[in-house]
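Here the structure comes first, spelled out in structure tokens, and everything after it is commentary.
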């Protein structure tokens, strides 16, 4: 037996991923989505289905505006849920899911904690509510994969070091690691302090990079959960992929695509 290093990869065999998360569904999302589409970025937009005013995107626009991106929960009414009874938290999340799913006609499986508020009991509750991940507002300034996706700390708010961290992210070339850059914020903050120019500069700088996978939050969760289900032989010469989608691995420095439902032999 010749032992080889086997590593999980992001789709396409890439070792870096970039994602965005923006809250509250404000009208500035229109321009932000246009910017993301122009540069090939992917974002997750966390919406409150029960809040309607002139500053927010009309619900009738959700399906078309956010097409190609992800719509996720932000609770119905945006309460500080750490102070709420747990059964009320469950209703805030489930009813938000229900309303958003009816509008965008796809399962809604993510959450951004409103006001950054949560407890460990809420984290434990989320899988039973159909929520696969939940984002905090606690920035890490780093590029690590979270150990628990129900406590997903982003890399940075777009106003706090995004450009500098992006430049650093571009230099991360050690393929034995998976790197994830996660930018969050609110689109209504972009008109202030030259935010639009900074966001466009960042998107332009990060676009068309051969080693970066541009993904929504849920796409990252799905890819890594699929990879965790791969079944390797003891010798590491074969792998069965029980998933419907392809997975990607690096074996001895060579990238392999593992089609869903098939067994692949490594050279």
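Each residue, residue 197 and residue 123, gets one label point 7 Å from its Cα in the Cβ direction; the gap between the two is 4.1 nm.
Rg and Dmax of the range 166-237, both derived from C-alpha coordinates alone, stand at 16.9, 57 Å. For the range 25-171, the Kirkwood estimate of the hydrodynamic radius, built from every pair of different alpha carbons, is 16.1 Å. Computed from label points 7 Å out along Cα-Cβ, the spacing between residue 163 and residue 237 is 5.5 nm.
Once every Cα of the range 122-195 carries one equal point scatterer and solvent is ignored, give the base-10 log of I(q)/I(0) from the Debye formula at q = 0.15 Å⁻¹, two decimals. Here the Debye-derived log intensity ratios amount to -0.62.
Pairs of Cα atoms in the range 25-92 fall into 5 Å distance bins, from 0 up to the last occupied one, in shares of 3, 16, 25, 20, 14, 12, 7, 2, 0 percent.
Compared with the alpha-carbon gap, the fully stretched path from residue 86 to residue 211 is longer by 40.8 nm at 0.36 nm per residue.
Across the range 15-225, the mean sequence separation of Cα contacts (distance under 8 Å, 6 or more residues apart), normalised by length, yields a relative contact order of 30 percent.
Where q = 0.08, 0.09, 0.13, 0.18 Å⁻¹, what log10 of I(q)/I(0) comes from the Debye formula for the range 89-223, counting one point per Cα? Result of the Debye calculation: -0.24, -0.31, -0.65, -1.14.
Size check on the range 144-267: the Cα extents along the three principal axes, sorted descending, read 56, 28, 21 Å. Ordering of 8-15, 234-241 by packing is 8-15, 234-241, highest average first (other Cβ atoms within 10 Å, averaged per residue).
With both residues required to sit in the chain, DSSP beta bridges show an antiparallel share near 40%. The distance from the alpha carbon centre of the range 32-95 to that of the range 196-267 is 27 Å, rounded to a whole number.
Coordinate-derived values only; no laboratory data. Predicted model only: the values in this text are computed from it and were never measured. Cβ atoms come from the backbone with ideal geometry, glycine included; neighbour counts cover every protein chain shown.
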